[in-house]
Amino acid sequence: MVLGSSACPHISAALQDTSIGFELARKYTSVVAWNVHRTQNGRAAKRRKIAAPTCGTCDSALSRPIACLQCWYTGCWHDGHATRHLKEAGHGFCTDAKTGYLFCSMCDDFIYDGKVDEMHLAAVVSAEEKQTKFQVSKKPRETYKPWIPDANETSALAAAEVIPCQGRRGLLNLGQTCFLNVVLQCFVHNPLLRNYFLSDKHNCKQCKVENCTCCEMDKLFTEVYSDEPLPYGPITFLATTWKASAELSGYAQQDAHEFFISALNQIHLTSRGFTNVSCNCIIHSTFAGQLQSDVTCERCGNITSTVDPMLDISLELKGKGGEVSSAENTLGACLRRFTQPEKLGPKEYSCSKCGKASHEASKRLSIRKLPPVLSFQFKRFEHKTNDKSSARKIDAAIRFPASINMAPYTSLAMKNVSGAGKDTTGSALSYPGPESMYEYDLFAVINHEGQINNGHYTNFARFQDEWYRFDDDKVTSSSLGACLNSAAYMCFYVKRHLDYKPNITPSYVLTRENEAMREKELEKEKEAARMKELEDDLLSTL
């Protein structure tokens, strides 16, 4: 790819030409906006049976169309139909509708141009703002405002060290620490954690807290996003973990999920301004959701609801050690079992309404609040007693999707469908708000290979559309298919569209503005009264 702010002289000349540049920008913007609309409304488009774009040469359906910016043509990339069209028609540029990358036929390569990059960002944001509606007076989301650095920020940027735009650095195994490495790699590829720590929200050089896990996270991102090609050994992170969690200390094999929960807790406790109630630290802003438990009395129909916080969801697998039940072991099936009503024993519940404790009741879990990042753990390790030596592993295969709609498992969806007298299990048709607000995309998977006493952890992680496999210090290019076929122990999904605040002025701002206007009016009235007194005094002297 040709890089630089204006590395391609052909696109620079075309954009400077008034007539040609206007048409190129208009076509490019429309192609990018079309892809945003298709991405956000994929299921709706499928229900309306909208035809996919087809190649103008071979007439095959295109999942990733290449659009000519000087005519109506769309074509294949792998078969060379798009580039052949440019040469035969004498056209200069085409674009990948999915990524917005621009191809120049004269350079015979994909190119980068700063103005085109700005057009792509503006087109994406504008299209998303128009489609993201809210239930608050049908207001759109807050308008995007680009950051324009001032003179001081420009000078600071000029002196700043340039770092790689993505981190693909292996982690050394420090003695059966693969459980730690896979979780750290998932942290590194978590977009919300990445943006937080790379934005210098926590600076280890300014922090005065001893054994600070947030400082270790800051060091981790600094090391991973560096020019150093050799694997990094997270020695201080391991030492800090030992000091904070005695049960994880030593060189024995540990459970990756136990370390994950411990790390979340330690990052929370060492975050600036953390609280035990309604905490808005980076951990709770990223992983925290709410589970709702509804217990229904079979005698009187009274429903008792309780809400509990959650950082992840643990799901049961069907099939005992070694047995495979693939039809029932999908992420969707596990979630349906998780939210399925279950009978409680006669002594497990006492109804507050009818006061009877001898009859049965049913309990149902649902997700009241969806977090930005969903973490699923599949319960692969069975412990029949408190003795860990008697534990065994469930090797049943689990199928999980690249994207998932979580609407059917929310409390609102279940309430809406149950109110209509229908079965709520797996229903995806009755839920409030736009469908895109419930869509999640897979970005990391932790795998466990081998048996419970001599196993090994590896993981897959995604950066944009590229997948990689991490095996301690070894990093290899992979694919989504290889990830989906792996033996998952934990899966991480990120919300496709984060919840934006509606574009309305806060009430306290309106109150402050009204008070300021009233004060100005009072001042004018006082000034008018004072001038009238002066006029009266002047007239009395005449």
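Bear in mind these aren't lab numbers, they're just calculated from the coordinates by the rules spelled out. Fair warning: this is a prediction, and the values are worked out from it, not measured in the lab. Cβ sites come from the backbone with ideal geometry, for glycine too, and all protein chains shown count toward neighbours.
Suppose R0 equals 56 Å; then what is the FRET efficiency for residue 13 and residue 340 from their Cβ-Cβ distance, rounded to the nearest 0.05?
After rounding to 0.05, the efficiency reads 0.30.
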Beyond 20 Å (Cα-Cα) in this structure, taken from 393/474; 369/495; 208/243; 27/115; 98/474, we find 393/474; 98/474
By the C-alpha gyration tensor axes a ≥ b ≥ c (rounded if a/c is under 1.5, else prolate when a/b exceeds b/c, else oblate), the shape of the stretch 176-248 is oblate
Subtracting the Cα-Cα distance of residue 526 and residue 78 from 0.36 nm times their residue separation yields 153.5 nm
With residue 180 itself left out, Lys, Arg at +1 and Asp, Glu at -1 over residues whose Cβ is under 12 Å from its Cβ give -4
